[in-house]
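The next block holds one structure in the form of structure tokens; read it before the comments.
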Amino acid sequence: MKHVVSITDVGERIGEVLSTAQEIRHKRMDVMDGKVLGLLFEKPSLRTRVSFEMAVRQLGGTPIYLSPQEIQMGVREPIKDVANVLSGYIDMIAYRGFRNQATVELAANSSIPVINALDDAEHPCQALADFLTILDSKGDLKGRKLAYLGDGNNVCNSLMLGAPYIGLDIAVATPKNYRPPVVVIQRAEELAREYGTVMELTTDADGAAADADAVYTDTWVSMGSEEEKATRLKAFKRYQVDDRIMDMAQDDAIFLHCLPAHRGEEVSSSVIDGPRSAVYPEAENRLHAQKALMKLISDDI
Ligand code: CP
Ligand code: NVA
């Protein structure tokens, strides 16, 4: 494992990331002693930035944050040049951008590991933290059911593509026009077949939530699609995770959201602020999951 552009790059090692995260959660280590993680961010962030900064510090290394104004990826200079220059200075990159193609290009031209910290196609570190939260809460993952309701977006894609590797079933309910991309659906179906898990895609929110162990939603308006806000709010109205939806799930089902959340849109306050919500432990798990991920990458190189 070197670059993590997609959750499938972690693939069969997702389980190892999760067990390592549980094991080193409260430990400080020196596996990145003297090493520097560059955080190249073209979009805003609270969780990803702070959790990566803290994770690298807990591994003995140092973060350097580079804001959108500083890099201007592909505008001030070509991605290839950014990749080659940074490879000579630092030891690892966490990149948050718009186009997945840019993440791919950055990784292809970097001699140091590149971790996708969110782009339009995936959010692999989020999915690792989410799987860890389900594991923490349930004690196991195999045969458990995760329901994702709402937009077939980057977060949804990483969950769909990662779930089969850990034996997790997933049901995704989206409006017809907001399904995940066809390539993601096809790959997730292949993986589900290969690992013997269930991958269900539907427009029926109630059906997806039925008997779920965890119910997940994300914003209806991702970063970069703000101009579609009015259309999107209308299209997703029937997909709000509220108490009625949570009642379809198992009695002990948890509610997950990558955050930032919009109360009254994709989730009711009663759910996100209620007893079944695991969103704060989930956010904390970004730190533990990324710490484990960077440890395994550092051990490999
Ligand atoms: N969930 C998540 O990635 O949050 P930030 O955008 O704040 O990093
Ligand atoms: N889907 C959201 C996730 C934010 C963490 C976005 O891309 O804006």
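Throughout, read-outs are computed from the coordinates displayed, never taken from laboratory work. Quantities reported herein were computed from a predicted structural model and do not represent experimental measurements. Virtual Cβ from ideal backbone geometry, glycine too; neighbours counted across all protein chains shown.
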**Fill in**
Candidates V75, V279, V215; GNM for the chain (alpha-carbon contacts under 10 Å) flags as most fluctuating V75
**Message:** Apply the Karplus curve 6.51 cos²θ - 1.76 cosθ + 1.60, θ = phi - 60°, to the phi angles in the range 76-84 and return the couplings in whole Hz, x for Gly and Pro.
**Reply:** 5, 7, x, 4, 4, 6, 4, 4, 5
**Request:** Take peptides 282-294, 53-65 and line them up by average Cβ neighbours within 10 Å, highest first, as a rough protection proxy.
**Result:** 282-294, 53-65
**Item:** Net +/- balance of residues flanking D299 in space, Cβ distance below 15 Å, scoring K and R +1, D and E -1
**Value:** 0
**Item:** Phi-based couplings in Hz for the range 148-153 (Karplus 6.51, -1.76, 1.60; Gly and Pro marked x)
**Value:** 10, 10, x, 8, x, 9
**Complete:** Taking r as the C-beta separation of H262 and K138 and R0 as 35 Å, the FRET efficiency to the nearest 0.05 is 0.85
**Request:** Rounded, prolate or oblate: pick one for the range 175-269, where a ≥ b ≥ c are the square roots of the eigenvalues of its C-alpha gyration tensor, a/c under 1.5 means rounded, and failing that, prolate if a/b is larger than b/c, else oblate.
**Result:** oblate
**Message:** Rounding to the nearest 10 and keeping the result within 0 to 90°, find how far the Cα-based axis of helix 47-58 lies from the longest principal axis of the chain.
**Reply:** 50 degrees
**Message:** Which of Y95, Y280, Y239 has the fewest other C-beta atoms within 10 Å, and how do the rest follow up to the most?
**Reply:** Y280, Y239, Y95
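Can you give the relative contact order of the chain as a percent, counting alpha carbon pairs under 8 Å and 6+ residues apart?
21 percent
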**Fill in**
One finds, for D81 and E16 with R0 = 30 angstrom and r their Cβ-Cβ distance, a FRET efficiency to the nearest 0.05 of 0.30
**Hz values of 3J(HN,Hα) by residue in the range 16-26 - Karplus curve (6.51, -1.76, 1.60), Gly and Pro given as x** = 5, 4, 5, 5, 5, 4, 5, 6, 9, 2, 9
**Request:** List every residue whose amide H lies under 5 Å from the amide H of V267, counting only residues 5 or more places away in sequence or on a different chain, with H placed 1.01 Å from N in the peptide plane.
**Result:** V241, H262
**Message:** Using a Cα-Cα cut-off of under 23 Å, which lysines could be cross-linked to K80, ignoring same-chain neighbours fewer than 8 residues away?
**Reply:** K2, K35, K43
**Item:** On Cα atoms only, tilt of 124-138 relative to the major axis of the chain in degrees
**Value:** 50 degrees
**Asked** How would you rank V17, V198, going from fewest to most other Cβ atoms within 10 Å of each one's own Cβ?
**Response** V198, V17
**Request:** Report the local net charge at G11: Lys and Arg +1, Asp and Glu -1, summed over other residues whose C-beta lies under 15 Å from its C-beta.
**Result:** -4
**Request:** Under 20 Å between C-alpha atoms is the cut-off here; go through the range 148-301 and count lysine pairs that meet it, provided they're at least eight residues apart or on different chains.
**Result:** 4
**Prompt:** Of F236, F131, how do they rank once you tally other Cβ atoms within 10 Å and put the fewest first?
**Reply:** F236, F131
**Prompt:** With labels modelled as points extended 7 Å from the Cα through the Cβ direction, what inter-label distance (nm, one decimal) is found for I64 paired with R193?
**Reply:** 4.7 nm
